[in-house]
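Participant: Dumping the structure here so I can ask a few things about it.
The values are calculated or read from the model by the stated rules, or taken from the named source; none is laboratory data. Keep in mind the model is a prediction, meaning the values are calculated, not measured. Backbone-built Cβ (ideal geometry, glycine too); neighbour counts: all protein chains shown.
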Amino acid sequence: MKAEKILSEIEAMHYWDARVLKFDSSFFGDEITLVFEDTEFNVKLSFTGCSSFSFVTSADDRIKPLRELTRPQIPYFLQDIEVTDVQSEGHSLLSCKILMPPLNAEILCTSISIEKI
């Protein structure tokens, strides 16, 4: 139920094909932040209480250091975000799958917040 509400809020922002500007991990993976462009503002998704995080990309994607890319060169555009409620070790958690080819991520966390910045 919680996942449906969060996903509904995210989908209301029409994120499809939005450029991802930032995808960071803090506090030993406890917090993950994803920022993407919207037409009038940027959107920040904050994942907290993260117990699992994985991302997959090709080796070719990492040949040139990403920190050297200018904003127009960033190759990541959101294609799909899925949020589902899951039970793990007796806890109610959220599973989030993010497709932004050539990078795909999966996050297991306790909460997801959405902020316009």
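Participant: Which residues, counting only those in region 1-17, are assigned to a helix (DSSP H, G or I), touching a strand residue (DSSP E or B) at 6+ places or on another chain (Cβ under 8 Å) and either among the polar types (S, T, N, Q) or at pLDDT below 90 (or both)?
Facilitator: Of everything in region 1-17, nothing turns out to be assigned to a helix (DSSP H, G or I), touching a strand residue (DSSP E or B) at 6+ places or on another chain (Cβ under 8 Å) and either among the polar types (S, T, N, Q) or at pLDDT below 90 (or both).
Participant: Still on this structure, please answer the following. Among the listed residues ASP85, ASP60, ASP24, identify the single one that is surrounded by 10 or more Cβ atoms within 10 Å (Cβ to Cβ) and either among the aromatic types (Phe, Trp, Tyr) or not in a loop (DSSP other than H, G, I, E, B) (or both).
Facilitator: From the options ASP85, ASP60, ASP24, the qualifying one is ASP85.
Participant: Could you tell me which of the residues PHE27, PHE36, PHE47 is modelled with pLDDT of 90 or more and farther than 15 Å from GLU115 by Cα?
Facilitator: That would be PHE27, the only listed residue that is modelled with pLDDT of 90 or more and farther than 15 Å from GLU115 by Cα.
Participant: I would also like to ask the following. I need the full set of residues from region 93-109 which are more than 16 Å from VAL35 (Cα to Cα) and either free of Cβ contacts under 8 Å to residues at least 12 places away in the same chain or part of a loop (DSSP other than H, G, I, E, B) (or both), in order please.
Facilitator: Once the filter is applied, which keeps residues that are more than 16 Å from VAL35 (Cα to Cα) and either free of Cβ contacts under 8 Å to residues at least 12 places away in the same chain or part of a loop (DSSP other than H, G, I, E, B) (or both), region 93-109 yields only PRO102.
Participant: If you don't mind, another one. Kindly evaluate PHE55 against the criterion of being out of contact with any Gly (no Cβ under 7 Å at 6 or more places or on another chain), in a strand (DSSP E or B), of a type outside the set (A, V, I, L, M) and crowded, with 17+ Cβ neighbours inside 10 Å.
Facilitator: In short, no.
Participant: Still on this model: Of the numbered conditions (1) in contact (Cβ under 8 Å) with a residue 40 or more places away in the chain; (2) surrounded by 12 or more Cβ atoms within 10 Å (Cβ to Cβ); (3) of a type outside the set (Asp, Glu); (4) over 16 Å from GLU106 (Cα atoms), TRP16 fails exactly one; give the number of that condition.
Facilitator: Here TRP16 clears every test but (2).
Participant: Please find, among VAL86, VAL56, the residue that is modelled with pLDDT under 95 and of a type in the set (Val, Ile, Thr).
Facilitator: Selected residue: VAL56, the only one of VAL86, VAL56 that is modelled with pLDDT under 95 and of a type in the set (Val, Ile, Thr).
Participant: Evaluate the following for PHE27: is it among the aromatic types (Phe, Trp, Tyr), without any contact (Cβ under 8 Å) to a residue 60 or more places away in the chain and in contact with a Gly (Cβ under 6 Å, 6 or more places away or on another chain)?
Facilitator: Against the criterion (among the aromatic types (Phe, Trp, Tyr), without any contact (Cβ under 8 Å) to a residue 60 or more places away in the chain and in contact with a Gly (Cβ under 6 Å, 6 or more places away or on another chain)), PHE27 does not qualify.
Participant: Separate question: Going through region 76-92 one residue at a time, which ones are in contact (Cβ under 8 Å) with a residue 12 or more places away in the chain, farther than 16 Å from TRP16 by Cβ and out of contact with any Ser or Thr (no Cβ under 6 Å at 6 or more places or on another chain)?
Facilitator: Scanning region 76-92 gives ASP85, SER88, HIS91, SER92.
Participant: Do you know which residues across region 30-52 are surrounded by 15 or more Cβ atoms within 10 Å (Cβ to Cβ), part of a loop (DSSP other than H, G, I, E, B) and touching a residue at least 24 places away in the same chain (Cβ under 8 Å)?
Facilitator: The answer is CYS50, and nothing else.
Participant: Check region 67-76 and report whether any residue there is surrounded by 14 or more Cβ atoms within 10 Å (Cβ to Cβ) and in a strand (DSSP E or B).
Facilitator: no
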